[in-house]
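Q: Quick one: the structure is below, and I'll ask about it shortly.
The values are calculated or read from the model by the stated rules, or taken from the named source; none is laboratory data. Predicted model, so just to flag it, every value in this text is computed and none were measured. Cβ coordinates were reconstructed from backbone atoms using ideal geometry, including for glycine residues, and neighbour counts include every protein chain displayed. For the accessible areas, the whole protein counts, side chains as well, though only heavy atoms, and no ligand, DNA or RNA atoms are used. Shrake-Rupley method; radii C 1.70, N 1.55, O 1.52, S 1.80 Å.
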Amino acid sequence: SKQAYTRTKPHLNIGTMGHVDHGKTTLTAAITKVLSTRSGGTFVPFDRIDRAPEEAARGITINIAHVEYETETRHYAHVDMPGHADYVKNMVTGAAQLDGAILVVSALDGIMPQTAEHVLLARQVGVEHIVVALNKADAGDDELTELVELEVRELLTAHGYPGDTTPVVRVSGLRALEGDPRWTGAVEALLDAVDTCVPTPVRYTGAPFLLPVENVLTITGRGTVVTGALERGTVRVGDRAEVPGTGIHTVVTGLETFGRPMEEAEAGDNVALLLRGVARDAVRRGHVVAEPGSVTPRRRFTARLLVLPAAEGGRRTPVSTGYRPQFYIRTADIAGGVDLGGAAVAAPGETVTAEIELDRPVPLETGLGFAVREGGRTVGAGTVTAVAD
Ligand code: GDP
Ligand code: MG
């Protein structure tokens, strides 16, 4: 039988972010390679990270682009998204769970639109700590790399991060993957920066548990499994659970993390929950699994809403009452209407207060972050400031 997961080190959730082709997946593979050599972890090759979600099923844990590794002091779950659209969606909806992020910027290309978009979203969803990997340093020249570093520091500062003191480590994921000692050393330096600059978070464990559902799958002979990162609380085998809005009341009959059974999951853990007697199609991404009675889905709320400027990939025209974009809230993707109050408009770049009515109810609470998307682009970001009855 499978080895149980034992908690010996603090667990943190991190992820790579950054523009397509800047080397996020290569760097992710390189990190696992370096750590497999240093401390006997499991090397996860590039094509095992950068693959379709359906192909990732293993055990009852299906986390599309999660890899797991350990440094001397921490256990990490690291998320790397395949494409920009999925990336933003997953980052936005799940990023409230990210304790820190590795911003990957190609030293050859510098800041690109998705670099800026990911930094902005990270800020909006409350990712507190960023470490920069200035990648492809093997191929860049010093002067250009220097300029890119300055540019990245400015970008971070502009979004409320401490750009002047953020660690910026020059790496080459590609050369480290090939085993070049200069560059494996650089990846180690990057991991040291993550270990020291991303503090161990205080977990919100003293609350009723809540799991935003990322994936649903069926394990033959066992039943329906939901996966995701536990947002708050602790959950054990035998706990009662409900899926608000669906009428499902159930019991957690199995609990795993990264394919290994565990006794108790706590806030921050990536988990798979086996649910008793739940039909595969009764629960889906966007639902939450929660302690019975602890949350009530709602449709109407007030929010502070930032309309992204065109320069950051946002709209060119203002938003007015009647505007109907998609809202990404936790893992849910829901259409909704915006009311700015009478004839008021919000120009690109402005932050306004808005009343929002979703097409279907989801659990909402003050402080919850969300993204606003339109035709596959992020055009805004917001925070719930009040929930209507
Ligand atoms: P992602 O889209 O950000 O995940 O980028 P990938 O990891 O898929 O890399 C994109 C391309 O950049 C691939 O052709 C990689 O081989 C190349 N690449 C990635 N890292 C490095 C690096 O450190 N140096 C060089 N020269 N090329 C790299
Ligand atoms: Mg990739």
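Q: Name the single residue that is most open to solvent (accessible area, probe 1.4 Å) among those in the range 180-206 being free of Cβ contacts under 8 Å to residues at least 60 places away in the same chain and in a loop (DSSP other than H, G, I, E, B).
A: Step by step, filter the range 180-206, then rank; the result is Val202.
Q: Return the residue satisfying two criteria in turn: it lies in the range 263-278 and is open to solvent by 50 Å² or more (accessible area, probe 1.4 Å) and not in a strand (DSSP E or B), and of such residues it is nearest to Ala4 (Cα to Cα).
A: Glu263
Q: Can you name every residue in the range 348-389 that is among the aliphatic types (A, V, I, L, M), within 18 Å of the chain's Cα centre (by Cα) and not in a strand (DSSP E or B)?
A: Leu368 - this is the single residue of the range 348-389 that is among the aliphatic types (A, V, I, L, M), within 18 Å of the chain's Cα centre (by Cα) and not in a strand (DSSP E or B).
Q: One residue is enough: does the range 123-140 have a residue meeting the conditions within 12 Å of ligand 1 (Cβ to nearest atom) and polar (S, T, N, Q)?
A: Scanning the range 123-140, I find at least one residue that is within 12 Å of ligand 1 (Cβ to nearest atom) and polar (S, T, N, Q), so the answer is yes.
Q: Next question. Failed condition for Gly245, given (1) surrounded by fewer than 20 Cβ atoms within 10 Å (Cβ to Cβ); (2) touching a Phe, Trp or Tyr at 6+ places or on another chain (Cβ under 9 Å), with all others met?
A: Condition (2) is where Gly245 drops out.
Q: Follow-up. In this structure, does Ile49 turn out to be open to solvent by less than 10 Å² (accessible area, probe 1.4 Å), within 16 Å of ligand 1 (Cβ to nearest atom) and either of a type in the set (Lys, Arg) or modelled with pLDDT of 85 or more (or both)?
A: no
Q: Moving on. Could you check the range 335-345 and list, in sequence order, the residues that are touching a strand residue (DSSP E or B) at 6+ places or on another chain (Cβ under 9 Å) and either open to solvent by 50 Å² or more (accessible area, probe 1.4 Å) or at pLDDT 95 or above (or both)?
A: Result: Ala335, Gly336, Gly337, Val338, Asp339, Leu340, Ala343, Val345.
Q: Kindly provide the set of residues from the range 279-318 that are open to solvent by less than 30 Å² (accessible area, probe 1.4 Å) and closer than 25 Å to Thr205 by Cβ, ordered by number.
A: Listed by number, the residues that qualify are Val283, Gly286, His287, Val288, Val289, Ala290, Val295.
Q: How do the pairs read when you match residues in the range 301-322 that are at positive phi with residues anywhere that are open to solvent by 30 Å² or more (accessible area, probe 1.4 Å) and in a strand (DSSP E or B), using Cβ under 7 Å and keeping only pairs 6 or more apart or on different chains?
A: Final answer for the pair search is Gly313/Arg377.
Q: Okay, next question. So, Thr42, is that one open to solvent by 20 Å² or more (accessible area, probe 1.4 Å) and part of a loop (DSSP other than H, G, I, E, B) or not?
A: For Thr42, the condition - open to solvent by 20 Å² or more (accessible area, probe 1.4 Å) and part of a loop (DSSP other than H, G, I, E, B) - is met.
Q: Here is a further query. Any chance you could count how many residues in the range 102-139 are of a type in the set (D, E, K, R) and modelled with pLDDT of 95 or more?
A: Count: 3.
Q: Tally the residues that are more than 10 Å from ligand 2 (Cβ to nearest atom) and surrounded by fewer than 24 Cβ atoms within 10 Å (Cβ to Cβ), restricting the search to the range 15-28.
A: 1
Q: Which residue out of Leu230, Leu211 is modelled with pLDDT of 95 or more, under 19 Å from the mean Cα position of the chain (by Cα), crowded, with 17+ Cβ neighbours inside 10 Å and not basic (Lys, Arg)?
A: So the residue among Leu230, Leu211 that is modelled with pLDDT of 95 or more, under 19 Å from the mean Cα position of the chain (by Cα), crowded, with 17+ Cβ neighbours inside 10 Å and not basic (Lys, Arg) is Leu211.
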